[in-house]
Amino acid sequence: MATVYFYEKPGCVNNTRQKQMLLAAGHQVIAKNLLSEAWHAERLRAFFGKLPVRNWFNYNAPAIKIGQVKPEKLDEQRALELMLENPLLIRRPLMQIGEKLLVGFDQYLVDECIGLAQLEVATDMESCVRTLAKASCGHE
């Protein structure tokens with residue numbers, strides 16, 4: 001089984017479900033706080049691979065919801081600058097499995113890489129599941 005370094009927003013319901021899926025498959029999960037990690041642009045950039053810039057973002061972040069940040073209009077450099085200033089903008093989780101770096105929780109990709117005991121095919125594993133996300137989370 002694999003060791004997964006799992007960068008999350010502590011208290012996030014989906015991140016908790018994602019970790020439970022990894023643990024149920026027998027993987028070791030080392031949870032890290034995405035928001036307090038000492039990120040550097042080069043290290044953060046590596047997680048995004050060949051994804052377009054717009055796919056690097058957490059669309060539940062308040063700055064995106066209110067239109068202050070528009071991911072589709074950003075280049076790589078500006079996107080990274082904004083994420084370093086406000087880690088809530090980073091799509092999560094970020095995962096490191098050996099040398100493999102992943103962003104978001106694509107169940108099929110994770111299953112392909114290290115295996116999952118079961119897939120929750122009818123479930124969106126990334127969008128906030130809390131009806132009152134602002135009231136419950138304080139900030140997403």
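The values are calculated or read from the model by the stated rules, or taken from the named source; none is laboratory data. In this text the structure is predicted, and so the values were computed from the model without any measurement. Please note: Cβ atoms are built from the backbone with ideal geometry, for glycine as well, and neighbour counts cover all protein chains shown. In case anyone asks, the SASA skips ligands and DNA or RNA and just uses the protein heavy atoms, side chains included. Shrake-Rupley method; radii C 1.70, N 1.55, O 1.52, S 1.80 Å.
So here's what we get for this one:
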| quantity | calculated |
| --- | --- |
| Top-ranked residue of segment 13-22 - restricted to ones that are surrounded by fewer than 21 Cβ atoms within 10 Å (Cβ to Cβ) and within 13 Å of the chain's Cα centre (by Cα), ranked as nearest to residue 97 (Cα to Cα) | 19 |
| Only listed residue being part of a helix (DSSP H, G or I), on the phi < 0 side of the Ramachandran plot and within 13 Å of the chain's Cα centre (by Cα), chosen from 88, 101 | 88 |
| Every residue from segment 1-45 that is outside any helix (DSSP H, G or I), in contact (Cβ under 8 Å) with a residue 60 or more places away in the chain and charged (D, E, K, R) | 8, 9 |
| Options 31, 25; residue that is within 27 Å of residue 112 (Cβ to Cβ), touching a Gly at 6+ places or on another chain (Cβ under 6 Å) and surrounded by 12 or more Cβ atoms within 10 Å (Cβ to Cβ) | 25 |
| Set 74, 101, 94: member being open to solvent by 20 Å² or more (accessible area, probe 1.4 Å) and within 27 Å of residue 25 (Cα to Cα) | 101 |
